[in-house]
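Here the structure comes first, spelled out in structure tokens, and everything after it is commentary.
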Amino acid sequence: MDELLKLAKVRFVGMDKTNEYDRELLEYAKKLSLIKPMFLAELCNVVETIARFNPSLALSISAHHLALYCLKDCNDFCAFALTEKSGSNVKAIETKAEEADKGYIIRGSKNFVTNGEFAEVFVITARHEGKVNVFAVDKGGIKAERVDLGCFRGSGIAKIYIDGIGRELGDLKLAMSALNVGRVVFSSLALGIAKRCFELALNRAKRLGLINNQGLRWRFVDLKSDIEVVSSYINSVVSSFSEKDGVRPAICKLKACKIAKACADFAVEVFGAKGLIKHSITEILYRYAKALDIGEGTNEIMKEIISRSF
Ligand SMILES: Cc1cc2nc3c(=O)[nH]c(=O)nc-3n(C[C@H](O)[C@H](O)[C@H](O)COP(=O)(O)OP(=O)(O)OC[C@H]3O[C@@H](n4cnc5c(N)ncnc54)[C@H](O)[C@@H]3O)c2cc1C
């Protein structure tokens, strides 16, 4: 794992510059069995650790496991494709599934699919007889078009066009349960970014003596306390996890993304203008931290889920 982390760290800025996924890194992660099913606690730990060095690789692993939850097992990278032009309104999706001799014919398109460029198997939501169900489609039935997003540029994020045979995996509840797992893992990714930004800022503040200013020191204290609280909350959700409970994963995601953004913002501040140099690590993490508000369901959707429990 240490070797993977070293390589992942070195390659990260390059991935951001080129907007290309790194096949060698993915193969390395596969060799270390990071794409095999894992206990949630282990997966969160892996994703958080990798996110500190290479958030793009961490997102790819996280998205793979979201799909794997529906597939149960798969020996290659997978993608979970839900988003369409209806966005957060998953009930309005237009991708269609029609019963055929050997399964279902799935036709439609999905946007912003992590791992879309390189996945071998795609978990896809599609409408069949009025209901949204979950299907698996092999890459032969997919055409992927890279999306030029300003974040997670090494995660193979793509728009995909589907025209292939699918096998049914379950109903919409399966996708929702997978998202509950995914949001906890995504929170660990956010925590990894928060910790990296905090460390970058702290190292610089110590090196330049900025830490001697009480005002700045107390800002570090506030962020450190929030990181610890979010970390403990994620651990508590993981230790008593129920895939049917959407509320606690939504709280996790909301809070973890908030602290990641606060730490990324602070890191840029501590680095001054240098913090904004294009493709510097602080500038990259600042862009990536914002995306956390949107991926795996937006903040507003998290709030809607939480408010339904009142
Ligand atoms: C880095 C990244 C990776 C991603 N990976 C994947 C992936 O692997 N698979 C996949 O399927 N998708 C993926 N997505 C897409 C992501 O899930 C969607 O972007 C997200 O669900 C929001 O959909 P949208 O972008 O269409 O925004 P919209 O749904 O159009 O939302 C626009 C705004 O309206 C608000 N809004 C919408 N509905 C409501 C409501 N009911 N109440 C209050 N406010 C509302 C939203 O919060 C948001 O602020 C990824 C996105 C990112 C950024």
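Annotations
- Check on residue 257, away from the ligand (no atom under 14 Å from the Cβ) and either within 16 Å of residue 51 (Cβ to Cβ) or touching a residue at least 40 places away in the same chain (Cβ under 8 Å) (or both): no
- Positions within the range 270-304 being touching a residue at least 24 places away in the same chain (Cβ under 8 Å) and surrounded by fewer than 22 Cβ atoms within 10 Å (Cβ to Cβ), in sequence order: 271, 279, 281, 287, 290, 291, 293, 298, 299, 300, 301, 303
- Qualifying residues in the range 106-133 (those that are surrounded by 24 or more Cβ atoms within 10 Å (Cβ to Cβ) and small (Gly, Ala, Ser)) - the one nearest to the ligand (Cβ to nearest atom): 116
- Residue within the range 280-295 that is among the hydrophobic types (A, V, I, L, M, F, W, C) and more than 16 Å from the ligand (Cβ to nearest atom) present: yes
- Across the range 59-83, the qualifying residues are those that are near the ligand (Cβ under 8 Å from one of its atoms) and assigned to a loop (DSSP other than H, G, I, E, B), and the one among them that is surrounded by the fewest Cβ atoms within 10 Å (Cβ to Cβ) is 83.
- Residue within the range 196-203 that is at pLDDT 95 or above and either under 16 Å from the mean Cα position of the chain (by Cα) or outside any helix (DSSP H, G or I) (or both) present: no
The values are calculated or read from the model by the stated rules, or taken from the named source; none is laboratory data. Note that this is a predicted model, so its numbers are computed, not measured. Note that we place each Cβ from the backbone using ideal geometry, even for glycine, and neighbour counts take in every protein chain shown.
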